[in-house]
1. Go from 0 up to the bin containing the longest alpha carbon distance in segment 399-529, width 10 Å each, and give me the % of pairs per bin.
2. Once you have all Cα-Cα distances for segment 385-433, histogram them in 5 Å bins from zero and send the whole-percent values.
3. Taking 7 Å along the Cα-to-C-beta vector as the label spot, tell me the Arg429-Arg69 distance in nanometres, rounded to one decimal.
4. Charges on Cβ only, +1 for Lys and Arg, -1 for Asp and Glu, centred on the Cα centroid of segment 402-522; of Gly516, Ile474, His492, which one is farthest towards the dipole's positive end?
5. Please report Rg (one decimal) and Dmax (integer) in Å for the Cα set of segment 358-409.
6. Excluding Glu222 itself, what net charge comes from residues whose Cβ is under 11 Å from its Cβ, given Lys and Arg +1 and Asp and Glu -1?
7. In straight Cα distance, which lysines are under 24 Å from Lys648, not counting same-chain residues fewer than 8 positions off?
8. Could you tell me how many cubic angstrom of Cα convex hull volume segment 217-353 has per residue?
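The values are calculated or read from the model by the stated rules, or taken from the named source; none is laboratory data. No experiment lies behind these values; they were computed from the predicted model shown. Here the Cβ positions follow ideal geometry from the backbone for every residue, glycine too, while neighbour counts run over all protein chains shown. The protein model used for the area step is the full one, side chains on, heavy atoms only, and it has no ligands, DNA or RNA in it. Shrake-Rupley method; radii C 1.70, N 1.55, O 1.52, S 1.80 Å.
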Amino acid sequence: MGVLKYEKLFEPIRLGRTLFRNRIFSSPQDIYRLTSENFLDDNATMFYEVKALGGFASVCIGDMMVDTRAGHSHPFQLRGDDVKGRGSFTRTSEAIKRHGAVAAVELNHAGKNGNVMAANEGFIYGLIDEVRPDGVEIRAMDEEWIERLIKCHADAALFAKQCGFGMITLHGGHGWLLAQFMSPRDNKRTDRWGGSIENRMRFPLAVIEAVRRAVGPDMPIEIRISGSECLDDGYDIDEGVRIAKALDGKVDLIHVSAGHHEVESASMITHPTMFLPDGVNVKYAAEIKKHVTTPVATVGALTDPAMMEEIILSGKADVVQLGRQTLADPYLPLKARLGHEEDIDKCLRCMTCFSRSTASGIFYCAINPVIGHESDVIFGTPPRKPRRVLVVGGGVGGMQAALTASERGHEVILCEKTGELGGTLRCERNVPFKAKLGEYLDRQALRISKNAIEVRLNTEVTPKLAMSLRPDVIIAALGARPVVPGIPGIEHALMAEDVYLDPTLAGDRVAIIGGGLVGLELGVFLAGLGRTVNVVEMLPTTLASTGDVETSEMISNPGLLEAGANIVQGVALSEELKKLPKLAISVSTKALEITTEGLAVEDRNGKLFIDADTVVCAVGQRPLMEEAAALYDCAPEFYQIGDCLSPKDVVTATQTAYQIARDIGRY
């Protein structure tokens, strides 16, 4: 018996001739922070380097296209067929390796989803002649083109090896090119490349063989597949097993994911939402592992080292791969190995990372302000002059500001008006799909208790009190309060915060005014408790039910929503709403009057009445600007952050708090 709590999780594993230091891999992640030639810039390199620093055994760079002309689904993808990228890729692989991790790269081709070629040339090559739903012509690949693509994969793999990468990951899942050949849903060819399982596997096996010849016998090759496409017309786990058996012995690791990138419902299984349980996709890897001798990896909604240990110990998989969790806490492997698992920040599955990268091109994490600013970790320096810092407000922003300031060597006093830290988000403590948010708030509060931070609860900071504490810096993080709309009968309504705290306040029939995230998530919560819910939104769109604008259109045109809107959580919500027949959404609908019997509204067709036992307001937050501004002259330096400046979200609060606290004392 060794000294490690998670012995199997940290047992090294050999793939090919390479020994990986543990069983925790960072799964393929692409990044939009590229140069104008679609290579990794310095910031992108540090994005991956931080994961290696945190103890992951392998860090995989995602979405390296093997074919610039036809392989790109969108413009922000790496070019694996251009020698000019050698310096960029070599610098990144070396940054990963110098921390003891294996640098891996994912090779990919979009196939009939090659939108860049479609835009440039008016058509795209696919498996058969057809027309995509968006009208793009797809021309069937001939033998010459297929052989060209096989060579493209081999050439890109060799290039990656020359750039110092230690493992090749072939993307054979989620509806991309290799998956299109493997799937009977997509592969309708009648020649030797389609039909039977043997024919459908001919192309991916030919790619694997060509890659093996290119990189040699020692370099590990991983292939990522969907154990099930999770579509009514897609293949199921039984076909996934047949695919895996055809791959058995041909690769060094079978990485079992699930779902399909191009179909929203299946994509929300590939990237499990907060409405799904932890480890929801492990079952696919576990079933496949029963039928193959090749090591198997699992991925999806994994945050708990104890669960990861059980997965490996019970034989469900040999490797666990983490995606979004590497953003929430890149140091998970190191913390787990040292026995500090209580300090691990667990991914909320809030979709902030996907939404922000889609809209802005940069990954941000709601609870980890380092993501997007990795250079602070790699090159950070302490402040020149320690300060006495007063943080007013113990919500998300206030706690992060206090922690960062304390870690930077400042003397910190944190005052909170209520009797506990966590702010208004504490009202969601009873919401099952927000459990990880509560855990995060608890961890932040615990960290504060372990730091040299003076905490004063039940303390309202007035200008008099602030000046008596003689701070050098005040950070005002007072938050916001719910907006109370001027609707006749508003005295009969409840606020969303009240119902979150005590759902028994809501009757059997609930009308919610406001179709933002708060209103929609409250609706899902109440519908899950058996209530009949009608969400009323004055605008023509919500994040989940968009009237004349489809969610997919919002994702491709982020300008349809306010910058920073969590559009991918909107997709997750829309999928959850399909499971809740007792929840309805009415857009372009104005609330007119609240009565004891329900809610009078007006939509495009005129006035109507929604019968409801309870009406709940979820129309936004009023920032406590005046209360914060009253402290502006109580210290030489003064900052407002979070909701008291402008109601936003967790990611904005943590990012701003982190950066302002880092700025203190620089001169």
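1. 10, 34, 28, 20, 8, 0
2. 5, 23, 25, 18, 13, 8, 5, 2, 1
3. So the label points at Arg429 and Arg69 sit 6.3 nm apart.
4. Farthest along the dipole direction, towards plus: Ile474.
5. Expressed in Å, the Cα Rg and Dmax of segment 358-409 come to 13.3, 39.
6. Values: positive: Arg224; negative: Glu106, Asp252.
Taking every Cβ under 11 Å from that of Glu222, the sum is -1.
7. Those lysines meeting the cut-off are Lys346, Lys417, Lys434, Lys436, Lys590.
8. Each residue corresponds to 124 Å³ of Cα convex hull volume.
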